[in-house]
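Below you'll find the structure, written out as C-alpha coordinates, and then a few comments.
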RNA sequence: GGUCCUUUCGUCUAACGGUUAGGACGCAAGAUUUUCAUUCUUGUAAUACGGGUUCGAUUCCCGUAGGGACUACCA
(Lines give C-alpha, C1' and ligand atoms only; values in the text may rest on other atoms or scores of the structure.)
Protein backbone atom coordinates (compact mmCIF):
# COMPACT_ATOMS: atom_id res chain seq x y z
CA UNK A 1 0.00 0.00 0.00
CA UNK A 2 2.19 2.79 -1.20
CA UNK A 3 -0.26 5.54 -1.97
CA UNK A 4 -1.64 7.93 0.59
CA UNK A 5 -4.68 6.52 2.32
CA UNK A 6 -7.71 8.71 1.73
CA UNK A 7 -11.12 7.34 2.64
CA UNK A 8 -14.50 8.94 2.68
CA UNK A 9 -17.74 8.48 4.51
CA UNK A 10 -20.42 9.50 2.03
CA UNK A 11 -23.90 9.52 3.53
CA UNK A 12 -27.08 10.83 1.97
CA UNK A 13 -28.90 13.42 4.05
CA UNK A 14 -32.19 11.54 3.89
CA UNK A 15 -32.75 11.10 7.62
CA UNK A 16 -30.99 10.29 10.86
CA UNK A 17 -27.72 8.43 10.71
CA UNK A 18 -28.53 4.79 11.48
CA UNK A 19 -26.30 2.16 13.03
CA UNK A 20 -25.14 0.79 9.69
CA UNK A 21 -24.01 4.25 8.73
CA UNK A 22 -22.30 4.76 12.06
CA UNK A 23 -20.33 1.60 11.64
CA UNK A 24 -19.36 2.39 8.06
CA UNK A 25 -18.13 5.77 9.24
CA UNK A 26 -16.28 4.18 12.14
CA UNK A 27 -14.48 1.59 10.02
CA UNK A 28 -13.49 4.27 7.51
CA UNK A 29 -12.21 6.40 10.34
CA UNK A 30 -10.25 3.62 12.03
CA UNK A 31 -8.76 2.55 8.72
CA UNK A 32 -7.67 6.11 7.98
CA UNK A 33 -6.09 6.55 11.40
CA UNK A 34 -4.39 3.16 11.29
CA UNK A 35 -2.67 4.14 8.05
CA UNK A 36 -2.06 7.77 8.89
CA UNK A 37 -4.49 8.71 6.17
CA UNK A 38 -7.31 11.18 5.74
CA UNK A 39 -10.92 10.72 6.76
CA UNK A 40 -13.23 12.70 4.52
CA UNK A 41 -16.92 13.49 4.87
CA UNK A 42 -18.76 13.88 1.59
CA UNK A 43 -22.46 14.59 1.46
CA UNK A 44 -24.22 12.75 -1.36
CA UNK A 45 -27.34 14.78 -1.92
CA UNK A 46 -27.98 14.14 -5.58
CA UNK A 47 -31.54 13.05 -4.93
CA UNK A 48 -33.37 16.26 -4.29
CA UNK A 49 -36.67 14.51 -3.70
CA UNK A 50 -35.40 12.66 -0.66
CA UNK A 51 -33.59 15.55 0.96
CA UNK A 52 -34.46 15.97 4.63
CA UNK A 53 -33.68 19.28 6.31
CA UNK A 54 -31.47 18.88 9.34
CA UNK A 55 -30.16 15.48 8.31
CA UNK A 56 -26.75 16.75 7.27
CA UNK A 57 -26.34 18.61 10.51
CA UNK A 58 -27.45 15.51 12.39
CA UNK A 59 -24.83 13.39 10.66
CA UNK A 60 -22.10 15.84 11.55
CA UNK A 61 -23.19 16.13 15.18
CA UNK A 62 -23.38 12.33 15.44
CA UNK A 63 -19.86 11.83 14.16
CA UNK A 64 -18.72 14.47 16.58
CA UNK A 65 -20.45 12.79 19.51
CA UNK A 66 -18.90 9.43 18.68
CA UNK A 67 -15.54 11.13 18.43
CA UNK A 68 -14.75 10.63 14.76
CA UNK A 69 -12.87 13.76 13.83
CA UNK A 70 -13.04 14.66 10.19
CA UNK A 71 -10.01 15.75 8.20
CA UNK A 72 -11.79 17.17 5.17
CA UNK A 73 -15.36 18.38 4.71
CA UNK A 74 -17.20 21.55 3.84
CA UNK A 75 -17.03 22.61 7.48
CA UNK A 76 -13.46 21.55 8.01
CA UNK A 77 -12.16 22.62 4.62
CA UNK A 78 -9.74 20.74 2.37
CA UNK A 79 -8.11 20.88 -1.04
CA UNK A 80 -10.74 18.85 -2.85
CA UNK A 81 -13.95 20.72 -2.06
CA UNK A 82 -16.73 21.40 -2.25
CA UNK A 83 -17.60 18.22 -0.38
CA UNK A 84 -21.30 18.29 -1.07
CA UNK A 85 -22.43 16.90 -4.39
CA UNK A 86 -25.18 19.42 -5.00
CA UNK A 87 -22.44 22.05 -4.93
CA UNK A 88 -20.44 20.03 -7.43
CA UNK A 89 -23.33 19.81 -9.87
CA UNK A 90 -21.49 21.70 -12.61
CA UNK A 91 -18.76 19.06 -12.70
CA UNK A 92 -20.70 16.02 -13.69
CA UNK A 93 -22.20 16.87 -17.09
CA UNK A 94 -18.83 17.06 -18.81
CA UNK A 95 -17.85 13.64 -17.49
CA UNK A 96 -21.10 12.10 -18.62
CA UNK A 97 -20.66 13.65 -22.06
CA UNK A 98 -17.10 12.43 -22.19
CA UNK A 99 -18.45 8.91 -21.91
CA UNK A 100 -20.95 9.57 -24.70
CA UNK A 101 -18.14 10.79 -26.93
CA UNK A 102 -16.00 7.76 -26.20
CA UNK A 103 -18.92 5.46 -27.00
CA UNK A 104 -19.39 4.26 -23.44
CA UNK A 105 -22.70 6.01 -22.89
CA UNK A 106 -25.64 7.39 -24.82
CA UNK A 107 -28.59 9.75 -24.57
CA UNK A 108 -31.98 8.23 -23.83
CA UNK A 109 -35.37 9.90 -24.18
CA UNK A 110 -37.78 7.28 -22.92
CA UNK A 111 -40.47 8.52 -20.57
CA UNK A 112 -41.09 6.88 -17.19
CA UNK A 113 -44.34 5.45 -18.59
CA UNK A 114 -42.54 3.89 -21.51
CA UNK A 115 -40.00 2.32 -19.19
CA UNK A 116 -42.74 1.01 -16.98
CA UNK A 117 -44.51 -0.49 -20.00
CA UNK A 118 -41.31 -2.24 -21.02
CA UNK A 119 -40.85 -3.67 -17.54
CA UNK A 120 -44.41 -4.95 -17.51
CA UNK A 121 -43.95 -6.53 -20.89
CA UNK A 122 -40.78 -8.35 -19.87
CA UNK A 123 -42.40 -9.48 -16.66
CA UNK A 124 -45.37 -10.86 -18.55
CA UNK A 125 -43.02 -12.75 -20.84
CA UNK A 126 -41.15 -14.00 -17.77
CA UNK A 127 -37.99 -12.87 -19.45
CA UNK A 128 -35.03 -12.69 -17.13
CA UNK A 129 -33.31 -9.89 -19.01
CA UNK A 130 -32.94 -6.35 -17.76
CA UNK A 131 -35.36 -3.66 -18.84
CA UNK A 132 -32.72 -1.49 -20.44
CA UNK A 133 -29.66 -3.35 -21.61
CA UNK A 134 -27.85 -4.85 -24.55
CA UNK A 135 -30.86 -6.98 -25.47
CA UNK A 136 -33.42 -4.19 -25.42
CA UNK A 137 -31.63 -0.91 -25.95
CA UNK A 138 -32.03 -1.00 -29.74
CA UNK A 139 -35.81 -1.06 -29.33
CA UNK A 140 -35.88 2.04 -27.14
CA UNK A 141 -35.76 5.77 -27.75
CA UNK A 142 -32.13 6.76 -27.56
CA UNK A 143 -29.25 8.18 -29.51
CA UNK A 144 -28.26 4.71 -30.66
CA UNK A 145 -31.58 4.16 -32.40
CA UNK A 146 -32.23 7.78 -33.44
CA UNK A 147 -28.84 8.51 -34.91
CA UNK A 148 -26.61 11.54 -34.46
CA UNK A 149 -28.71 14.08 -36.33
CA UNK A 150 -32.07 13.43 -34.72
CA UNK A 151 -30.47 13.20 -31.30
CA UNK A 152 -28.93 16.65 -31.71
CA UNK A 153 -32.30 18.03 -32.82
CA UNK A 154 -34.02 16.60 -29.79
CA UNK A 155 -31.36 17.92 -27.44
CA UNK A 156 -31.61 21.36 -29.00
CA UNK A 157 -35.38 21.25 -28.72
CA UNK A 158 -34.92 20.77 -25.00
CA UNK A 159 -36.40 17.30 -24.83
CA UNK A 160 -35.79 15.73 -21.42
CA UNK A 161 -33.07 13.12 -21.55
CA UNK A 162 -30.86 10.96 -19.40
CA UNK A 163 -27.43 9.60 -20.12
CA UNK A 164 -27.11 5.85 -19.78
CA UNK A 165 -24.03 3.69 -19.53
CA UNK A 166 -23.63 1.37 -22.49
CA UNK A 167 -23.02 -1.93 -20.78
CA UNK A 168 -20.62 -4.10 -22.76
CA UNK A 169 -21.93 -7.48 -23.85
CA UNK A 170 -20.73 -10.74 -22.35
CA UNK A 171 -17.68 -9.59 -20.51
CA UNK A 172 -16.61 -11.70 -17.61
CA UNK A 173 -14.05 -10.54 -15.07
CA UNK A 174 -13.24 -10.69 -11.38
CA UNK A 175 -12.91 -7.82 -8.95
CA UNK A 176 -10.89 -7.93 -5.79
CA UNK A 177 -12.58 -6.98 -2.54
CA UNK A 178 -10.40 -6.70 0.56
CA UNK A 179 -12.99 -8.40 2.73
CA UNK A 180 -14.52 -10.86 0.30
CA UNK A 181 -11.70 -11.79 -2.02
CA UNK A 182 -12.42 -12.16 -5.72
CA UNK A 183 -15.93 -11.41 -6.88
CA UNK A 184 -17.31 -12.60 -10.18
CA UNK A 185 -18.82 -10.15 -12.59
CA UNK A 186 -20.71 -10.89 -15.77
CA UNK A 187 -21.93 -7.96 -17.84
CA UNK A 188 -24.52 -10.05 -19.63
CA UNK A 189 -26.81 -9.80 -16.62
CA UNK A 190 -26.18 -6.09 -16.04
CA UNK A 191 -28.20 -3.23 -17.46
CA UNK A 192 -27.61 0.25 -18.88
CA UNK A 193 -27.75 2.26 -15.69
CA UNK A 194 -28.67 5.92 -15.75
CA UNK A 195 -25.61 8.02 -15.01
CA UNK A 196 -27.03 11.47 -15.51
CA UNK A 197 -30.61 12.31 -14.65
CA UNK A 198 -33.01 14.52 -16.54
CA UNK A 199 -32.95 17.04 -13.71
CA UNK A 200 -29.29 17.75 -14.43
CA UNK A 201 -28.02 15.79 -11.46
CA UNK A 202 -25.79 12.74 -11.66
CA UNK A 203 -26.90 9.46 -10.14
CA UNK A 204 -24.94 7.90 -7.33
CA UNK A 205 -22.94 5.78 -9.75
CA UNK A 206 -21.54 8.67 -11.75
CA UNK A 207 -21.05 11.12 -8.92
CA UNK A 208 -19.41 8.50 -6.80
CA UNK A 209 -16.81 7.52 -9.36
CA UNK A 210 -16.08 11.08 -10.45
CA UNK A 211 -15.75 12.36 -6.91
CA UNK A 212 -13.71 9.45 -5.64
CA UNK A 213 -11.38 10.02 -8.56
CA UNK A 214 -11.12 13.78 -8.12
CA UNK A 215 -10.74 13.47 -4.36
CA UNK A 216 -8.02 10.86 -4.81
CA UNK A 217 -9.83 8.30 -2.69
CA UNK A 218 -7.62 5.26 -2.11
CA UNK A 219 -10.08 2.86 -0.47
CA UNK A 220 -13.83 2.64 -0.79
CA UNK A 221 -15.22 1.15 2.40
CA UNK A 222 -18.99 0.91 2.25
CA UNK A 223 -21.96 -1.32 3.00
CA UNK A 224 -22.62 -4.62 1.31
CA UNK A 225 -25.70 -3.22 -0.41
CA UNK A 226 -23.27 -1.74 -2.97
CA UNK A 227 -21.77 -5.05 -3.95
CA UNK A 228 -24.15 -5.64 -6.88
CA UNK A 229 -23.19 -2.34 -8.49
CA UNK A 230 -19.47 -2.86 -8.03
CA UNK A 231 -19.01 -4.26 -11.57
CA UNK A 232 -20.62 -1.13 -13.01
CA UNK A 233 -18.32 1.05 -10.96
CA UNK A 234 -15.23 -0.80 -12.11
CA UNK A 235 -16.43 -0.55 -15.71
CA UNK A 236 -16.86 3.19 -15.23
CA UNK A 237 -13.28 3.56 -14.01
CA UNK A 238 -12.18 1.70 -17.12
CA UNK A 239 -14.37 3.80 -19.39
CA UNK A 240 -12.84 6.95 -17.99
CA UNK A 241 -9.37 5.50 -18.30
CA UNK A 242 -8.81 5.76 -14.57
CA UNK A 243 -8.20 2.10 -13.83
CA UNK A 244 -4.64 2.77 -12.68
CA UNK A 245 -5.78 4.98 -9.83
CA UNK A 246 -8.94 3.08 -9.07
CA UNK A 247 -9.46 2.72 -5.31
CA UNK A 248 -9.47 -0.62 -3.57
CA UNK A 249 -12.84 -1.86 -2.36
CA UNK A 250 -14.06 -3.26 0.92
CA UNK A 251 -17.72 -4.14 1.33
CA UNK A 252 -18.88 -4.35 4.92
CA UNK A 253 -21.41 -6.92 6.09
CA UNK A 254 -24.83 -5.70 7.13
CA UNK A 255 -26.19 -5.21 10.62
CA UNK A 256 -29.23 -7.43 11.10
CA UNK A 257 -32.24 -7.48 13.38
CA UNK A 258 -31.60 -8.88 16.90
CA UNK A 259 -34.37 -11.39 16.31
CA UNK A 260 -36.00 -12.74 13.21
CA UNK A 261 -34.90 -11.91 9.74
CA UNK A 262 -33.58 -9.01 7.78
CA UNK A 263 -31.74 -5.76 8.05
CA UNK A 264 -31.93 -3.79 11.28
CA UNK A 265 -34.51 -1.04 11.04
CA UNK A 266 -35.85 1.78 13.14
CA UNK A 267 -38.93 -0.28 13.91
CA UNK A 268 -36.85 -2.94 15.65
CA UNK A 269 -35.64 -0.30 18.07
CA UNK A 270 -39.19 0.78 18.85
CA UNK A 271 -40.35 -2.80 19.15
CA UNK A 272 -37.55 -4.06 21.39
CA UNK A 273 -36.81 -0.87 23.28
CA UNK A 274 -33.33 0.12 22.22
CA UNK A 275 -32.07 3.12 20.28
CA UNK A 276 -31.04 2.86 16.64
CA UNK A 277 -29.72 6.39 16.26
CA UNK A 278 -26.76 7.99 18.04
CA UNK A 279 -28.59 11.16 19.01
CA UNK A 280 -32.11 12.42 19.53
CA UNK A 281 -33.88 12.69 16.19
CA UNK A 282 -37.09 14.38 15.26
CA UNK A 283 -38.23 13.75 11.73
CA UNK A 284 -39.21 17.09 10.21
CA UNK A 285 -41.71 15.46 7.86
CA UNK A 286 -43.54 12.96 10.03
CA UNK A 287 -42.78 14.69 13.32
CA UNK A 288 -41.76 11.32 14.69
CA UNK A 289 -39.35 11.47 17.62
CA UNK A 290 -36.63 8.93 18.33
CA UNK A 291 -34.42 8.71 21.37
CA UNK A 292 -30.74 8.29 20.67
CA UNK A 293 -27.93 6.44 22.37
CA UNK A 294 -26.90 9.65 24.03
CA UNK A 295 -30.31 10.13 25.63
CA UNK A 296 -30.44 6.53 26.76
CA UNK A 297 -27.31 7.25 28.74
CA UNK A 298 -24.71 5.49 26.65
CA UNK A 299 -21.18 6.78 26.78
CA UNK A 300 -19.88 7.59 23.31
CA UNK A 301 -16.75 5.57 24.12
CA UNK A 302 -18.82 2.51 25.00
CA UNK A 303 -20.96 2.98 21.92
CA UNK A 304 -17.88 3.21 19.73
CA UNK A 305 -16.30 0.15 21.38
CA UNK A 306 -19.38 -1.93 20.86
CA UNK A 307 -19.89 -0.83 17.26
CA UNK A 308 -16.26 -1.60 16.44
CA UNK A 309 -16.70 -5.17 17.63
CA UNK A 310 -19.76 -5.74 15.50
CA UNK A 311 -18.46 -7.37 12.36
CA UNK A 312 -14.83 -6.82 13.24
CA UNK A 313 -12.59 -8.58 15.75
CA UNK A 314 -9.12 -7.86 17.06
CA UNK A 315 -7.84 -11.34 16.24
CA UNK A 316 -6.59 -13.87 18.71
CA UNK A 317 -7.18 -12.08 22.00
CA UNK A 318 -9.81 -12.11 24.72
CA UNK A 319 -9.69 -8.36 25.19
CA UNK A 320 -13.01 -6.69 24.51
CA UNK A 321 -12.66 -3.25 25.97
CA UNK A 322 -10.82 -0.98 23.58
CA UNK A 323 -10.34 2.74 23.57
CA UNK A 324 -10.61 4.63 20.32
CA UNK A 325 -6.86 5.14 20.38
CA UNK A 326 -6.20 1.43 20.75
CA UNK A 327 -8.58 0.66 17.90
CA UNK A 328 -6.81 3.19 15.69
CA UNK A 329 -3.62 1.21 16.20
CA UNK A 330 -4.92 -2.30 15.58
CA UNK A 331 -7.84 -2.00 13.19
CA UNK A 332 -7.55 -3.94 9.97
CA UNK A 333 -10.00 -4.76 7.22
CA UNK A 334 -8.69 -8.31 7.06
CA UNK A 335 -10.40 -9.01 10.35
CA UNK A 336 -13.78 -7.79 9.19
CA UNK A 337 -16.29 -10.63 8.96
CA UNK A 338 -17.98 -11.56 5.75
CA UNK A 339 -21.38 -12.39 7.13
CA UNK A 340 -23.99 -10.07 8.58
CA UNK A 341 -24.16 -9.63 12.34
CA UNK A 342 -27.30 -9.62 14.39
CA UNK A 343 -27.43 -6.67 16.69
CA UNK A 344 -27.41 -7.49 20.42
CA UNK A 345 -28.83 -4.71 22.62
CA UNK A 346 -28.02 -6.72 25.78
CA UNK A 347 -24.34 -6.72 25.05
CA UNK A 348 -24.49 -2.96 24.57
CA UNK A 349 -25.68 -2.56 28.12
CA UNK A 350 -22.82 -4.69 29.33
CA UNK A 351 -20.35 -2.53 27.43
CA UNK A 352 -21.80 0.58 28.96
CA UNK A 353 -21.51 -0.90 32.43
CA UNK A 354 -17.89 -1.70 31.82
CA UNK A 355 -17.22 1.91 30.98
CA UNK A 356 -19.22 3.19 33.91
CA UNK A 357 -17.29 1.05 36.37
CA UNK A 358 -14.08 2.58 35.12
CA UNK A 359 -15.21 6.12 35.76
CA UNK A 360 -14.30 7.97 38.91
CA UNK A 361 -17.12 8.59 41.38
CA UNK A 362 -16.58 12.31 41.12
CA UNK A 363 -17.44 12.12 37.43
CA UNK A 364 -20.53 10.03 38.07
CA UNK A 365 -21.58 12.47 40.78
CA UNK A 366 -22.16 15.14 38.16
CA UNK A 367 -24.75 13.04 36.36
CA UNK A 368 -26.24 12.17 39.73
CA UNK A 369 -26.62 15.79 40.84
CA UNK A 370 -28.23 16.67 37.52
CA UNK A 371 -30.81 13.89 37.74
CA UNK A 372 -31.57 14.65 41.37
CA UNK A 373 -32.16 18.28 40.48
CA UNK A 374 -34.76 17.20 37.94
CA UNK A 375 -36.70 15.69 40.84
CA UNK A 376 -36.25 18.85 42.84
CA UNK A 377 -33.59 17.46 45.15
CA UNK A 378 -30.38 19.36 45.75
CA UNK A 379 -27.38 17.18 46.50
CA UNK A 380 -23.91 18.41 47.32
CA UNK A 381 -20.95 17.04 45.45
CA UNK A 382 -19.41 15.13 48.34
CA UNK A 383 -22.59 13.32 49.20
CA UNK A 384 -23.31 12.53 45.54
CA UNK A 385 -19.88 11.04 45.16
CA UNK A 386 -20.32 8.83 48.21
CA UNK A 387 -23.65 7.51 47.06
CA UNK A 388 -22.46 6.92 43.51
CA UNK A 389 -19.74 4.76 45.00
CA UNK A 390 -22.33 2.77 46.92
CA UNK A 391 -24.80 2.11 44.11
CA UNK A 392 -22.78 2.06 40.90
CA UNK A 393 -22.37 -1.71 41.03
CA UNK A 394 -26.02 -2.18 40.26
CA UNK A 395 -26.28 0.34 37.42
CA UNK A 396 -25.84 0.08 33.69
CA UNK A 397 -26.38 3.76 32.95
CA UNK A 398 -25.63 7.00 34.70
CA UNK A 399 -29.33 7.73 35.07
CA UNK A 400 -29.69 4.50 37.04
CA UNK A 401 -27.55 6.06 39.76
CA UNK A 402 -30.26 8.42 40.92
CA UNK A 403 -33.06 5.93 40.26
CA UNK A 404 -31.31 3.38 42.44
CA UNK A 405 -30.81 5.72 45.34
CA UNK A 406 -33.70 8.14 45.63
CA UNK A 407 -34.50 6.65 49.07
CA UNK A 408 -31.36 8.32 50.41
CA UNK A 409 -33.21 11.59 49.94
CA UNK A 410 -36.89 10.82 49.79
CA UNK A 411 -38.56 8.68 52.46
CA UNK A 412 -40.52 5.73 51.08
CA UNK A 413 -44.26 6.21 50.84
CA UNK A 414 -45.05 2.56 50.24
CA UNK A 415 -43.42 -0.77 50.90
CA UNK A 416 -42.78 -3.60 48.49
CA UNK A 417 -45.54 -6.19 48.97
CA UNK A 418 -43.45 -9.24 48.20
CA UNK A 419 -40.70 -8.22 50.61
CA UNK A 420 -43.29 -7.36 53.22
CA UNK A 421 -44.77 -10.83 53.05
CA UNK A 422 -41.39 -12.43 53.24
CA UNK A 423 -39.78 -10.42 56.03
CA UNK A 424 -42.54 -8.79 58.11
CA UNK A 425 -43.55 -11.26 60.80
CA UNK A 426 -45.68 -10.99 63.91
CA UNK A 427 -42.79 -10.18 66.19
CA UNK A 428 -41.17 -7.74 63.79
CA UNK A 429 -42.75 -4.54 65.17
CA UNK A 430 -41.39 -5.33 68.63
CA UNK A 431 -37.92 -5.95 67.24
CA UNK A 432 -38.10 -2.70 65.26
CA UNK A 433 -38.89 -0.79 68.44
CA UNK A 434 -35.84 -2.29 70.04
CA UNK A 435 -33.79 -1.26 67.01
CA UNK A 436 -35.01 2.28 67.48
CA UNK A 437 -33.84 2.18 71.08
CA UNK A 438 -30.44 0.88 70.07
CA UNK A 439 -30.08 3.55 67.41
CA UNK A 440 -31.04 6.23 69.91
CA UNK A 441 -28.18 5.09 72.14
CA UNK A 442 -25.54 5.29 69.43
CA UNK A 443 -22.92 7.92 70.24
CA UNK A 444 -21.85 8.23 66.58
CA UNK A 445 -23.60 7.20 63.38
CA UNK A 446 -20.64 5.95 61.36
CA UNK A 447 -21.32 2.78 59.38
CA UNK A 448 -18.42 0.95 60.93
CA UNK A 449 -19.36 1.45 64.56
CA UNK A 450 -23.03 0.91 63.80
CA UNK A 451 -22.19 -2.40 62.24
CA UNK A 452 -20.09 -3.47 65.21
CA UNK A 453 -22.65 -2.45 67.80
CA UNK A 454 -25.74 -3.71 66.08
CA UNK A 455 -24.22 -6.98 64.97
CA UNK A 456 -23.14 -7.58 68.54
CA UNK A 457 -26.59 -6.76 69.84
CA UNK A 458 -28.23 -9.13 67.36
CA UNK A 459 -25.85 -11.92 68.31
CA UNK A 460 -26.42 -11.35 72.01
CA UNK A 461 -30.17 -11.51 71.53
CA UNK A 462 -29.80 -14.53 69.20
CA UNK A 463 -32.19 -12.99 66.69
CA UNK A 464 -30.48 -13.64 63.35
CA UNK A 465 -29.24 -10.94 61.02
CA UNK A 466 -31.91 -11.37 58.39
CA UNK A 467 -34.73 -11.25 60.87
CA UNK A 468 -33.67 -7.80 62.02
CA UNK A 469 -31.92 -6.17 59.12
CA UNK A 470 -34.32 -7.07 56.31
CA UNK A 471 -37.27 -5.30 57.92
CA UNK A 472 -35.03 -2.33 58.74
CA UNK A 473 -34.07 -2.15 55.11
CA UNK A 474 -37.70 -2.39 54.07
CA UNK A 475 -38.62 0.55 56.27
CA UNK A 476 -35.67 2.68 55.22
CA UNK A 477 -35.79 2.03 51.49
CA UNK A 478 -39.29 0.81 50.81
CA UNK A 479 -37.94 -2.47 49.45
CA UNK A 480 -35.23 -5.00 50.11
CA UNK A 481 -32.61 -3.69 47.76
CA UNK A 482 -29.60 -1.46 47.79
CA UNK A 483 -26.15 -1.41 49.29
CA UNK A 484 -24.84 -2.27 52.73
CA UNK A 485 -27.52 -1.40 55.29
CA UNK A 486 -25.09 0.36 57.65
CA UNK A 487 -23.95 2.63 54.83
CA UNK A 488 -27.58 3.52 54.27
CA UNK A 489 -28.04 4.29 57.98
CA UNK A 490 -24.95 6.45 58.09
CA UNK A 491 -26.01 8.45 55.06
CA UNK A 492 -29.55 8.94 56.29
CA UNK A 493 -28.38 10.05 59.72
CA UNK A 494 -29.79 9.26 63.12
CA UNK A 495 -32.95 11.33 63.11
CA UNK A 496 -34.11 10.40 59.64
CA UNK A 497 -33.38 6.71 60.17
CA UNK A 498 -35.32 6.57 63.40
CA UNK A 499 -38.23 8.54 62.06
CA UNK A 500 -38.52 6.25 59.04
CA UNK A 501 -38.53 3.16 61.21
CA UNK A 502 -41.11 4.61 63.59
CA UNK A 503 -43.32 5.66 60.74
CA UNK A 504 -42.94 2.25 59.13
CA UNK A 505 -44.02 0.42 62.26
CA UNK A 506 -47.22 2.44 62.29
CA UNK A 507 -48.04 2.10 58.61
CA UNK A 508 -47.41 -1.61 58.32
C1' G B 1 -37.97 -14.88 -10.79
C1' G B 2 -32.67 -13.36 -12.00
C1' U B 3 -27.67 -11.92 -10.23
C1' C B 4 -24.22 -11.52 -6.41
C1' C B 5 -22.74 -12.22 -1.31
C1' U B 6 -22.99 -15.31 3.00
C1' U B 7 -23.32 -19.89 6.78
C1' U B 8 -18.90 -22.06 14.05
C1' C B 9 -22.95 -22.32 20.75
C1' G B 10 -29.56 -18.49 21.23
C1' U B 11 -26.20 -13.87 20.01
C1' C B 12 -21.12 -11.50 18.93
C1' U B 13 -16.93 -14.19 17.68
C1' A B 14 -11.58 -17.13 18.01
C1' A B 15 -9.15 -21.15 15.79
C1' C B 16 -5.75 -18.69 8.47
C1' G B 17 -5.26 -28.41 7.31
C1' G B 18 -3.63 -31.52 13.03
C1' U B 19 -7.07 -27.95 19.58
C1' U B 20 -10.64 -32.12 24.70
C1' A B 21 -13.43 -26.46 18.83
C1' G B 22 -11.46 -21.15 22.88
C1' G B 23 -13.57 -16.38 24.75
C1' A B 24 -17.61 -12.82 25.60
C1' C B 25 -23.02 -11.58 26.13
C1' G B 26 -27.32 -14.12 27.72
C1' C B 27 -29.27 -18.06 30.59
C1' A B 28 -28.83 -21.68 34.84
C1' A B 29 -26.60 -23.45 39.36
C1' G B 30 -23.32 -22.76 43.46
C1' A B 31 -20.15 -19.63 46.69
C1' U B 32 -20.08 -14.79 49.18
C1' U B 33 -23.82 -11.48 51.52
C1' U B 34 -28.64 -8.95 56.11
C1' U B 35 -31.48 -7.58 50.68
C1' C B 36 -31.05 -6.38 45.36
C1' A B 37 -26.90 -6.27 42.75
C1' U B 38 -21.59 -6.78 42.14
C1' U B 39 -17.72 -10.36 42.34
C1' C B 40 -15.92 -15.45 41.99
C1' U B 41 -16.64 -20.66 40.48
C1' U B 42 -19.15 -24.10 37.59
C1' G B 43 -22.50 -25.41 33.97
C1' U B 44 -25.41 -24.78 29.32
C1' A B 45 -24.72 -24.77 24.09
C1' A B 46 -21.95 -24.62 17.82
C1' U B 47 -18.63 -26.14 12.93
C1' A B 48 -26.27 -26.23 8.20
C1' C B 49 -26.46 -30.83 5.08
C1' G B 50 -24.28 -34.13 1.24
C1' G B 51 -20.25 -35.21 -1.66
C1' G B 52 -15.15 -34.78 -2.89
C1' U B 53 -9.37 -33.34 -2.23
C1' U B 54 -6.07 -34.96 1.80
C1' C B 55 -2.67 -39.40 6.13
C1' G B 56 -5.98 -35.70 8.38
C1' A B 57 -10.80 -31.13 7.32
C1' U B 58 -14.42 -25.85 11.02
C1' U B 59 -10.52 -24.52 7.58
C1' C B 60 -9.73 -26.06 0.36
C1' C B 61 -13.31 -27.49 -3.95
C1' C B 62 -18.38 -28.83 -5.80
C1' G B 63 -23.52 -29.40 -4.95
C1' U B 64 -28.05 -28.81 -1.74
C1' A B 65 -30.58 -26.12 1.84
C1' G B 66 -31.05 -21.66 4.95
C1' G B 67 -30.06 -16.27 5.36
C1' G B 68 -29.06 -11.47 3.14
C1' A B 69 -28.46 -7.70 -0.52
C1' C B 70 -29.45 -5.86 -5.26
C1' U B 71 -32.70 -5.88 -9.39
C1' A B 72 -35.39 3.00 -9.77
C1' C B 73 -34.01 9.17 -13.61
C1' C B 74 -32.87 6.22 -4.43
C1' A B 75 -28.52 6.21 -2.26
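What's the number of the only condition in (1) more than 23 Å from residue A:238 (Cβ to Cβ); (2) in contact with a strand residue (DSSP E or B) (Cβ under 9 Å, 6 or more places away or on another chain) that residue A:199 fails to meet?
Checking residue A:199 against (1) more than 23 Å from residue A:238 (Cβ to Cβ); (2) in contact with a strand residue (DSSP E or B) (Cβ under 9 Å, 6 or more places away or on another chain), the one that fails is (2).
Looking at (1) touching a strand residue (DSSP E or B) at 6+ places or on another chain (Cβ under 8 Å); (2) within 16 Å of RNA strand B (Cβ to nearest atom); (3) outside any helix (DSSP H, G or I), can you tell me which one residue A:319 breaks?
Failed condition: (1).
Within segment A:43-51, is even one residue closer than 24 Å to residue A:331 by Cβ, in contact with a strand residue (DSSP E or B) (Cβ under 6 Å, 6 or more places away or on another chain) and at pLDDT 95 or above?
no
Give the residues of segment A:443-480 that are at pLDDT below 90, near RNA strand B (Cβ under 9 Å from one of its atoms) and not in a helix (DSSP H, G or I), sorted by residue number.
A:464, the sole residue that qualifies.
Any chance segment A:91-112 includes a residue that's assigned by TED's automatic domain parsing to the domain that holds residue A:147, within 13 Å of RNA strand B (Cβ to nearest atom), out of contact with any helix residue (DSSP H, G or I) (no Cβ under 9 Å at 6 or more places or on another chain) and not in a helix (DSSP H, G or I)?
Yes; the residues of segment A:91-112 include at least one that is assigned by TED's automatic domain parsing to the domain that holds residue A:147, within 13 Å of RNA strand B (Cβ to nearest atom), out of contact with any helix residue (DSSP H, G or I) (no Cβ under 9 Å at 6 or more places or on another chain) and not in a helix (DSSP H, G or I).
Of everything in segment A:210-257, what is farther than 19 Å from residue A:185 by Cβ, touching a strand residue (DSSP E or B) at 6+ places or on another chain (Cβ under 7 Å) and surrounded by fewer than 17 Cβ atoms within 10 Å (Cβ to Cβ)? Give them in sequence order.
Residue satisfying the conditions is A:216 alone.
Out of A:285, A:261, report the one residue that is more than 9 Å from RNA strand B (Cβ to nearest atom) and over 15 Å from the mean Cα position of the chain (by Cα).
So the residue among A:285, A:261 that is more than 9 Å from RNA strand B (Cβ to nearest atom) and over 15 Å from the mean Cα position of the chain (by Cα) is A:285.
Within segment A:347-355, does at least one residue satisfy the condition of being assigned to a loop (DSSP other than H, G, I, E, B) and either within 11 Å of RNA strand B (Cβ to nearest atom) or under 26 Å from residue A:486 (Cβ atoms) (or both)?
no
In segment A:216-252, which residues are farther than 24 Å from residue A:335 by Cβ and near RNA strand B (Cβ under 8 Å from one of its atoms)?
A:228, A:229
Looking at (1) surrounded by fewer than 23 Cβ atoms within 10 Å (Cβ to Cβ); (2) touching a strand residue (DSSP E or B) at 6+ places or on another chain (Cβ under 9 Å), which is the only condition residue A:10 fails?
Just one mismatch for residue A:10, condition (1).
Residue check: is residue A:163 part of a helix (DSSP H, G or I), under 38 Å from the mean Cα position of the chain (by Cα) and more than 8 Å from RNA strand B (Cβ to nearest atom)?
no
If a residue has to be in a loop (DSSP other than H, G, I, E, B) and closer than 13 Å to residue A:481 by Cα to count, how many in segment A:373-394 make the cut?
Of the residues in that region, 0 qualify.
From the list A:129, A:179, A:183, exactly one residue is in the same structural domain as residue A:102 (by TED's automatic domain parsing) and modelled with pLDDT of 95 or more. Which is it?
Answer to the check: A:179.
Confirm whether residue A:508 is more than 9 Å from RNA strand B (Cβ to nearest atom) and within 17 Å of residue A:426 (Cα to Cα).
The answer is yes for residue A:508.
Checking residue A:183 against (1) near RNA strand B (Cβ under 10 Å from one of its atoms); (2) part of a helix (DSSP H, G or I); (3) under 22 Å from residue A:169 (Cβ atoms); (4) under 29 Å from the mean Cα position of the chain (by Cα), which test does it fail?
All conditions are met except number (2).
The values are calculated or read from the model by the stated rules, or taken from the named source; none is laboratory data. All values derive from a computational prediction rather than experimental measurement. Every residue, glycine as well, gets a Cβ built from its backbone with ideal geometry; the counts of neighbours run over all protein chains shown.
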